[in-house]
Amino acid sequence: MAIIARAPTAPRVVTPRLAASLVGALLLVGVLVRLAAPGRVDWLRAALIVFGSLLIQALPFVLVGALAAALIEVFVPIGTLERISRLPRPLQLPVAGLAGMAFPICECGSVPVARRLMTKGLAPSAAITFMLAAPIVNPVVMASTFYAYRGRTVVGTMMLGRFGLGLLVAIAVGWALGAHTKEELLRPAKGETHAHHVTLGRPEPKWQRFFVHFGNDFLFMGRYLLLGATVAAFVQTFLPQTILGRVAGTPVLSLLMLMGLAALLSLCSESDAFIAASFTQFGPSAQLAFLVFGPMVDLKLVAIYSGTFRPVVVRTIVIGAMAVTLVGTLWIGVVAG
């Protein structure tokens, strides 16, 4: 017997029906273009290739994130997380950001982990800090950054700059959201309640709870990834490449250009260093802006954020990450030359 007091849930932004309709619409567009304008098949093929590649890159990390979230939900005692909240306020956010070093997950996978951490009792500001820092400070991303810039004189600047500035941006955004409660930040998931459960009789096996949470988190995040990957694919297909060379010599514009490009490309943080290193017409500070801003704000992430958090979180992440990344890379450009 269970006593459950349900709270009303907010409507989903993206439903499974919408996700299926999106895929169906892509197929329909392909058939119509093939029949009506055969000469334009190439751009549609390019868009579908980008769409598929984004899914191939991101879905495994959504899977890892959902797996980690389920492990936290089922096996991590809530007292472990409460200890972080009991730390002095100046230490909470840095510790949460550095904890991302233990989670080699991409930005898509860090969102369900952060959501689960909030529901398990971690302070929302610390969970947001962890979510933004983990895709940048984890050892897999640091190794890929080193490999992409190996042999260059700026390898130390790129490694230390990405780690340090990424951590600083995450802490700044977490601090800005520190006055809000989890109810003010999270959108309720389907079937989620805010009530206490009083269960009499045989408890549910842990392995069963694990797979239920794992499946729910994976499907919940996957539908928003599908929406973001679709938009990103069409934007990438029509992005004019010639614009890159026009602003590379202007300090502020070059930073904004690569930050915007990182947001549009929606790359995985484990592979984006190789793309950034290929922009040789841009300086190290602009490439660093690409590597810090992209894993925190891009098209697919905005879709995922919108389905997980309330609008105040999305606005704060976008504005805060943009402002701190811009100022930080400008200073790094001055100090490091």
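No lab work stands behind these numbers, since they all come straight from the coordinates. None of these values were measured; they are calculated from a predicted model. Positions of Cβ are backbone-derived with ideal geometry, glycine not excepted, and every protein chain shown enters the neighbour counts.
Three principal axis extents describe the C-alpha atoms of the stretch 112-186; from largest down they are 48, 20, 13 Å. In a fully extended conformation the segment linking residue 87 and residue 49 would gain 9.0 nm over its present Cα-Cα distance, using 0.36 nm per residue. Taking every C-alpha pair closer than 8 Å and separated by at least 6 residues, the mean separation divided by the residue count of the stretch 113-174 gives a relative contact order of 43 percent. Descending by average beta-carbon neighbour count within 10 Å, the peptides 262-270, 317-325, 209-217 line up as 262-270, 317-325, 209-217, the highest first. Neighbour counting of Cβ atoms within 10 Å sorts the residues 331, 175, fewest neighbours leading, into 331, 175.
Amide H to amide H distances under 5 Å link residue 186 with 310, where only residues 5 or more positions off or on other chains count and H is placed in the peptide plane. Here the stretch 41-144 is described by how far its Cα atoms reach on the three principal axes: 58, 27, 21 Å, from widest to narrowest.
Computed from the C-beta positions of residue 252 and residue 209, the FRET efficiency with R₀ = 35 Å rounds to 0.10.
A simple spin-label model places pseudo-atoms 7 Å from Cα toward Cβ; at residue 327 and residue 219 they are separated by 4.4 nm. For the listed peptides 271-277, 249-255, a ranking on the average number of other beta carbons within 10 Å per residue, highest first, reads 271-277, 249-255.
If packing is taken as the average number of other Cβ atoms within 10 Å across a peptide's residues, how do 152-158, 48-54, 305-311 rank, most packed first? List each step's numbers first, then the result.
On the way: 152-158: 15.6, 48-54: 17.7, 305-311: 19.3.
For the peptides 152-158, 48-54, 305-311, the packing ranking is 305-311, 48-54, 152-158.
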